[in-house]
Amino acid sequence: MNSQLLMRRTFDLAMRGRGFNKTNPIVGALLADQRGRVRSEGFYRRFGGPHAEVDCLAEIMDVSPMEHLYVSLEPCNIVAKTPPCSQLILEKKIKHLHVACVDSNPDIAGSSLRYLQQAGIEVESNVEGKTGQGMHRQFFVNTTHKRPYIILKWAESKDGFVGRSGERTKLSNWASDILVHRWRAESDAILVGTNTALVDNPQLNVRHYFGANPTRIVLDRSGLIPRDSRALQGTQQTYLLGKEDTTITAEHLSSIKYDDTTPLTSILTSLYQKDVGSILVEGGPTVHQYLYENNYWDEIRIIRSPILLDDGIPSIKPVQPIGEKLCLLNDEAVCIFRETSAAT
Ligand SMILES: NC(=O)c1ccc[n+]([C@@H]2O[C@H](COP(=O)([O-])OP(=O)(O)OC[C@H]3O[C@@H](n4cnc5c(N)ncnc54)[C@H](OP(=O)(O)O)[C@@H]3O)[C@@H](O)[C@H]2O)c1
């Protein structure tokens, strides 16, 4: 039986829940026999819904002692929104459990695996552990730092500019636009700085991919953004960060007090309590630089265009090495990951 291959399949399953998980982890699970034939599969489909193990085992009544359960993350053993999965594993008489990585949540942190081992279950951990760690990065940041996972994202010209001064400059091609809208759909919130909201007048919604619109976060400390800006229109939940505005009546729009006395990072951290598990920060460079310098970021995603601008607003220049690259016709998407002390 190829444990690595089966675990990689749980990663594929887990990815199907991305964008619906909020502050909970994306998790995949499968049940296979000793020859590696998959009998059942499941994943964490939506925030507050059944866990991947429950989704996988719900209709299985008779687990054979020769069958193996694969889960991309250590099963929970606490009563949260749903009963503990460790109990389900015992009830279903699973004899062999394989996990990719330990849950970084301090309330679990390996205790569930120890509990199941003591109950006589053969446990193998760290199967495809490095990939599993990467896949659960957001959850590890959420549980360790109690703040949203922060992704800095921009498009830049071949000569390193994000646009011409004072005008909206289109740099990415249609393939990149689809990917960016997928990133939006996978994020709980999307943030823009004041100048970006004023110059680009963006809608900040999901149009070129399927999935829910993220919550919009618009910075307006100086009260410059007109109320008819596209980023404040429609029914998409929107937080306007600036002077407290008691005149706002639109149901989708709320104002959060933001002035020189409160750092932006504190406000973003507080949004974790409102189930914001990830924020895609779409610029501009002034906001990116602030978050980058304050080490308040986890990932950087850059769309590199072949267009030359010769002059304009420079993008920020991260010093960390590129982790991943993807070709998008004549554009290129590159990803940089901040080193984290993830659980093993
Ligand atoms: N190519 C791309 O991907 C891309 C993406 C986005 C934007 N852009 C372009 O970038 C330009 C705008 O970028 P920008 O750098 O000038 O402005 P920006 O980052 O959009 O906004 C900066 C402004 O946001 C406010 N702000 C509030 N809190 C802040 C904080 N903690 N840190 C930093 N700023 C904070 C400040 O105004 P107050 O002092 O008034 O509060 C600041 O001047 C536009 O031309 C736009 O077209 C390109």
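The values are calculated or read from the model by the stated rules, or taken from the named source; none is laboratory data. No experiment lies behind these values; they were computed from the predicted model shown. Don't worry about glycine lacking a Cβ; one is built from the backbone with ideal geometry, like all the others, and counts go over all protein chains shown.
Some notes on this structure:
- The residues in segment 16-59 that are modelled with pLDDT of 95 or more, surrounded by fewer than 15 Cβ atoms within 10 Å (Cβ to Cβ) and either closer than 13 Å to residue 71 by Cβ or hydrophobic (A, V, I, L, M, F, W, C) (or both) can be counted, and the count is 1.
- Per the listing 197, 185, 231, the residue uniquely in contact (Cβ under 8 Å) with a residue 60 or more places away in the chain and closer than 29 Å to residue 141 by Cα is 185.
- Output for segment 303-334, where each listed residue is within 29 Å of residue 146 (Cα to Cα), surrounded by fewer than 20 Cβ atoms within 10 Å (Cβ to Cβ) and among the β-branched types (Val, Ile, Thr): 319, 322, 334
Every residue, every condition in (1) in contact with a Gly (Cβ under 7 Å, 6 or more places away or on another chain); (2) within 12 Å of the ligand (Cβ to nearest atom); (3) hydrophobic (A, V, I, L, M, F, W, C), yes or no:
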residue: 187; (1), (2), (3): no, no, no
residue: 208; (1), (2), (3): no, no, no
residue: 215; (1), (2), (3): no, no, no
residue: 220; (1), (2), (3): yes, yes, no
residue: 224; (1), (2), (3): no, yes, yes
residue: 244; (1), (2), (3): no, no, no
residue: 250; (1), (2), (3): no, no, yes
residue: 259; (1), (2), (3): no, yes, no
residue: 269; (1), (2), (3): no, no, no
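- When residue 134 is tested against (1) over 27 Å from the mean Cα position of the chain (by Cα); (2) at pLDDT below 95; (3) assigned to a helix (DSSP H, G or I), just one condition goes unmet, and that condition is (1).
- Selection status of residue 117, within 20 Å of the chain's Cα centre (by Cα) and part of a helix (DSSP H, G or I): no
- If you go through segment 251-278 and keep only what is in a loop (DSSP other than H, G, I, E, B), free of Cβ contacts under 8 Å to residues at least 24 places away in the same chain and closer than 22 Å to residue 46 by Cβ, you end up with just 252.
- Scanning segment 311-334 for residues that are modelled with pLDDT of 95 or more, more than 16 Å from the ligand (Cβ to nearest atom) and either assigned to a strand (DSSP E or B) or touching a helix residue (DSSP H, G or I) at 6+ places or on another chain (Cβ under 6 Å) (or both) gives 325, 326, 327, 329.
- For segment 67-86, the set of residues classified as assigned to a loop (DSSP other than H, G, I, E, B), in contact (Cβ under 8 Å) with a residue 12 or more places away in the chain and over 24 Å from the mean Cα position of the chain (by Cα) consists of 67 only.
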